[in-house]
1. Restricting attention to region 126-179, and to residues there that are touching a residue at least 60 places away in the same chain (Cβ under 8 Å), aliphatic (A, V, I, L, M) and assigned to a helix (DSSP H, G or I), which single residue is nearest to Leu109 (Cα to Cα)?
2. Kindly establish whether Val179 is more than 16 Å from the chain's Cα centre (by Cα), closer than 30 Å to Arg120 by Cβ and not aromatic (Phe, Trp, Tyr).
3. One residue is enough: does region 108-118 have a residue meeting the conditions part of a helix (DSSP H, G or I), within 19 Å of the chain's Cα centre (by Cα) and more than 18 Å from Ala14 (Cβ to Cβ)?
4. Out of everything in region 139-181 that is at pLDDT 85 or above and within 21 Å of Leu76 (Cβ to Cβ), what residue ends up being surrounded by the most Cβ atoms within 10 Å (Cβ to Cβ)?
5. Name the single residue, out of those in region 56-75 being touching a residue at least 40 places away in the same chain (Cβ under 8 Å) and either in contact with a helix residue (DSSP H, G or I) (Cβ under 6 Å, 6 or more places away or on another chain) or β-branched (Val, Ile, Thr) (or both), that is farthest from Val179 (Cα to Cα).
6. Which members of region 49-63 meet the condition of being crowded, with 16+ Cβ neighbours inside 10 Å and not in a loop (DSSP other than H, G, I, E, B)?
7. Give just the number: which of (1) modelled with pLDDT under 90; (2) out of contact with any Gly (no Cβ under 8 Å at 6 or more places or on another chain); (3) at negative phi; (4) not hydrophobic (A, V, I, L, M, F, W, C) does Arg55 not satisfy?
8. With the checklist (1) of a type outside the set (Gly, Ala, Ser); (2) more than 23 Å from the chain's Cα centre (by Cα); (3) in a helix (DSSP H, G or I); (4) at pLDDT below 85 in hand, flag the one item Leu184 doesn't pass.
Amino acid sequence: MVGDNDAGGISTYAQAGQNFGYSLLWTLPLLIPVLMVNQEMVARLGAVSGLGHGRLIRERLGRRWGNLATGSILLLNFLILITEFIGISLSTSYFGAPAYITVPLAAVLLFTVTAAGTFRSWERLMMLFVAVNVLIVPLLIVSNASGHATMHGLTMPSIRGGATSGGILLIISIIGTTVAPWQLFFQQSNIVD
């Protein structure tokens, strides 16, 4: 799995590490089965029904629920897209590139790749980004992360500083960036296609 490497996910995980060290790592192994069950569920729904998630909701539960689900996911995706462009702006600013050039350029590139190609070509392009994720391994080695602290954080649930509202909110953010609603819609539609 190579998900959660978007701007929102990276910033959420970075904030968790900055504010709580290794103490919230335990949330990630707990989310793996949740993610697997969700993806398996929508894959089966897509394979059996032959319908995407939104259309299946509309046909089984009625137009009102279908429109609510579709409208909600459109709003959420719009807000997520804003965070992605904020991430593009911030990351390119490290190289001195102005946001008023890089953000519109990224928007045009995204639109062109999405509108001009097939899903197969989009999928191949995304595999390039997956390969870039391999760079995380050398970063882990260079970071001199404590193996003992990492294993303790993965296996011993705790919140450094206690269960404050900030810690609980960050745990909710980690869950939200790991199990995102758009994944359910995308996965089921991908199976149908």
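The values are calculated or read from the model by the stated rules, or taken from the named source; none is laboratory data. Here the structure is a predicted model, which is why all the values come from computation and not from measurement. Glycine gets a Cβ as well: all are built from the backbone with ideal geometry, and neighbour counts include every protein chain shown.
1. Ranking the candidates gives Val130 first.
2. No.
3. Taking every residue of region 108-118 in turn, at least one turns out to be part of a helix (DSSP H, G or I), within 19 Å of the chain's Cα centre (by Cα) and more than 18 Å from Ala14 (Cβ to Cβ).
4. Applying the filter and picking the extreme gives Ile174.
5. Among residues in region 56-75 that are touching a residue at least 40 places away in the same chain (Cβ under 8 Å) and either in contact with a helix residue (DSSP H, G or I) (Cβ under 6 Å, 6 or more places away or on another chain) or β-branched (Val, Ile, Thr) (or both), the one farthest from Val179 (Cα to Cα) is Leu56.
6. Of everything in region 49-63, those that are crowded, with 16+ Cβ neighbours inside 10 Å and not in a loop (DSSP other than H, G, I, E, B) turn out to be Ser49, His53, Gly54, Arg55, Leu56, Ile57, Arg58.
7. Checking Arg55 against (1) modelled with pLDDT under 90; (2) out of contact with any Gly (no Cβ under 8 Å at 6 or more places or on another chain); (3) at negative phi; (4) not hydrophobic (A, V, I, L, M, F, W, C), the one that fails is (2).
8. (2)
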